[in-house]
1. Run the numbers for residue B:117 and residue B:152: contour at 0.36 nm per residue of separation, minus the present Cα-Cα distance, in nm.
2. With the cut-off at 1.5 for a/c, could you classify the stretch B:147-224 from its C-alpha gyration tensor as rounded, prolate or oblate?
3. For the pair residue B:55/residue A:36, report the inter-label distance in nm, with labels modelled 7 Å from Cα in the Cβ direction.
4. Sort B:28, B:44, A:36, B:169 so that the residue with the fewest other Cβ atoms within 10 Å of its own Cβ comes first and the one with the most comes last.
5. Just check the stretch A:102-158 against the gyration tensor rule for me: Cα atoms, a ≥ b ≥ c as the square roots of the eigenvalues, rounded for a/c under 1.5, and otherwise prolate or oblate depending on whether a/b exceeds b/c.
6. Fewest to most neighbouring Cβ within 10 Å: what's the order for B:143, B:101?
7. Inside 10 Å of the C-beta atoms of B:16-26, what's the mean count of C-beta atoms belonging to other chains?
8. How large are Rg and Dmax for the stretch B:49-111 when calculated on the C-alpha trace, in angstrom?
């Protein structure tokens, strides 16, 4: 028996139109929105954690990066404008811009009293060098009763902000780059 | 990010520049004569400051001070440290060098004895330092001039503390010998490294108190001080103020005047 050519079963692969992968290449906007989402998330988290505004400012516009050579220094040896104040574990941090770079000074106590200036050793600052003495209650009462303490840090040795803050600043910079 | 890395184009500051920074800070805050307290390199900077601006310094409290050129061993140590800083940054070997400089063997620990809390805390704080900044301060200190000659001209009272196990012990003795004996006192703290402020702050208490009494500064009275303070005059009679009776864990202190 002959099989008619017409009746022969022919396996035909299902001819489906290939479904377009949606969207095969996402439009650039998607990246852009994700950045905004990250950004707003981080801003939300960090504004709801307690960060001193001044610390943030200082971290964002770090004072130690290349001193903008104040022209006034040529004429007088007196220091020129500064004033970044930060509450730092009970001490107030001032950044004094001198003719030879910025110096971080942390002040504890009543500024009416005579001054006691401290200077730490190599690679240390007041936290790692004088903490033991000032945490000793008898010494702290003796010194703070008589003096206002000025902790001077050698250039580049001031205590840094928290690690999280650094991450935050890096994140912001990264986001700005992406946008 | 307070301590960002200093731009490498900025000129390296000498110790002279560091003393000038201090005077600018004092001028900024409108301070007249001040009391100064420094540790090792800081003590060197402050004693140099006291020599340059004699009228601005009331007194000096120096902890393991330096005054001469670096000795051969110190010079070698500093060279090793600056090379490590330059090529490897804040590596563990460098931290060991620095801890050797700061602390005595007892607190640094050994195979049997674990290192103490202060050393661990210091190690953590050292991690935060930017190696280039430390490198620059180290260079300034390693190139320091000898200030022995100027010491004789110092007229302010000086109180020197030195740990017996400090690498700068000889330096402190030399400095005391050169200072005017009428104005200077040396306190040697036994079983202690360079950083007396961290290792044995209690040992500094009584000498500091006597030193400040010379300026007519009193210990806090009961009204202003904390009522628990053993320094309050009404709490304890003065003859009981000797270290033994205060119940502090004091190691014996030799005092040379």
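No value in this document is a laboratory result; all are computed from the given coordinates. Note that this is a predicted model, so its numbers are computed, not measured. Here Cβ is always computed from backbone atoms with ideal geometry, including for glycine, and neighbour counts include all displayed protein chains.
1. Length gained between residue B:117 and residue B:152: 8.6 nm.
2. Here the stretch B:147-224 falls in the oblate category.
3. The answer from the label model is 6.5 nm.
4. Ascending number of Cβ neighbours within 10 Å: A:36, B:169, B:28, B:44.
5. Oblate, since a/c reaches 1.5 and b/c is not below a/b.
6. Values: B:143 13, B:101 23.
Placing the least packed residue first, the sequence is B:143, B:101.
7. Counting Cβ atoms of other protein chains within 10 Å of each residue's Cβ and averaging gives 6.
8. For the stretch B:49-111, the Cα-based Rg and Dmax read 16.0, 50 Å.
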